[in-house]
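Read-outs throughout are calculated quantities, based only on the coordinates presented, and are distinct from any laboratory measurement. Worth saying up front: this structure is predicted, and the values here are computed from it rather than measured. Reconstructed Cβ throughout: ideal geometry from the backbone, glycine too, with neighbour counts over all protein chains shown.
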Amino acid sequence: MASGDDKSASAIPRHVGIIMDGNGRWATKRLLPRPAGHRAGVKNITPVIESAFDYGVHCVSLYAFSTENKARPESEVNALVDLIRKRLRPMTRELIARGAKVVFSGDISYFPEDVRRIMSEICAENTDKTAKTVNIALDYGGREEIVRAARLAAASGEITDSRIRANLYTSELPDLDMIIRTGGEKRLSNFMLYQAAYSELFFTDTLWPDFGKAELISILNEYGSRTRRFGKL
Ligand code: FPP
């Protein structure tokens, strides 16, 4: 099994973002309705996160439901919300049982009361502040997050980078070291724009439900071979 033990700390990303794209196409290829692809996508989350944690990654952020996803046909939005209602608890229970903590980014006021209650119950279980972290972006948009943080910073009397950072949903998490996007598209689609400033980007044609441990490890190894200069020489 790949392990972070034999790697220098800088070769292992602390924070990995994942844009889980391709669920719809995965289902369509199998003549299944699109929500079947989302269901398959959910099943893939825990094994991928566990492999990342085994590798030495400290935090994984998942793009699970964007502000723009709300504009999809009502039937698909309802199917996604229902999936979150049914699968979020069991999925996070497994991760928490393995020592992780789960946090959320986004405007959760969009979700029905029962779904919001599930989210707050999950957050209440986060006792170990130092635990490995799974950050799930739900009704999340990067621009909205920046605007919200800027407004809060202004209300505190000073718009500075550190005040904006302190008011991001991810104020307690490090910046993204890398982003993996499955499904073939090569864009960020409003995902963690502030935190992605110096992120290394990885794109794969693999559809999210088919994305597995071997490909994850190969991408993490490639990250370790890149030189990050953060604008310096
Ligand atoms: C993009 O695929 C994926 C989404 C819009 C949703 C991703 C959500 C999940 C995997 C589940 C979230 C649930 C929990 C419990 C966290 P797409 O539909 O855009 O695929 P396509 O590009 O092939 O159409």
Output for Cβ contacts, cut-off 9 Å, separation at least six or different chains, first residue in contact (Cβ under 8 Å) with a residue 60 or more places away in the chain and in a loop (DSSP other than H, G, I, E, B) in segment 54-73, second within 12 Å of the ligand (Cβ to nearest atom) and among the small types (Gly, Ala, Ser), reads Thr67/Gly106
Of (1) over 22 Å from Phe191 (Cα atoms); (2) of a type in the set (Lys, Arg); (3) touching a Phe, Trp or Tyr at 6+ places or on another chain (Cβ under 7 Å), Lys132 fails just (1)
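Can you pull out every residue in segment 180-217 that is more than 16 Å from the ligand (Cβ to nearest atom) and outside any loop (DSSP other than H, G, I, E, B)? Let's see the steps before the verdict.
Of all residues in segment 180-217, those more than 16 Å from the ligand (Cβ to nearest atom) come to 193-202, 213-215, 217.
Glu200, Leu201, Phe202, Lys213, Ala214, Glu215, Ile217 - these are the residues of segment 180-217 that are more than 16 Å from the ligand (Cβ to nearest atom) and outside any loop (DSSP other than H, G, I, E, B).
Every residue, every condition in (1) away from the ligand (no atom under 12 Å from the Cβ); (2) on the phi < 0 side of the Ramachandran plot; (3) surrounded by fewer than 17 Cβ atoms within 10 Å (Cβ to Cβ), yes or no:
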{"site": "Pro13", "(1), (2), (3)": "yes, yes, no"}
{"site": "Gly22", "(1), (2), (3)": "no, no, no"}
{"site": "Arg25", "(1), (2), (3)": "no, yes, yes"}
{"site": "Thr92", "(1), (2), (3)": "no, yes, no"}
{"site": "Ala97", "(1), (2), (3)": "yes, yes, yes"}
Is it the case that some residue within segment 56-71 is over 22 Å from Ile118 (Cβ atoms), near the ligand (Cβ under 7 Å from one of its atoms) and aromatic (Phe, Trp, Tyr)?
no
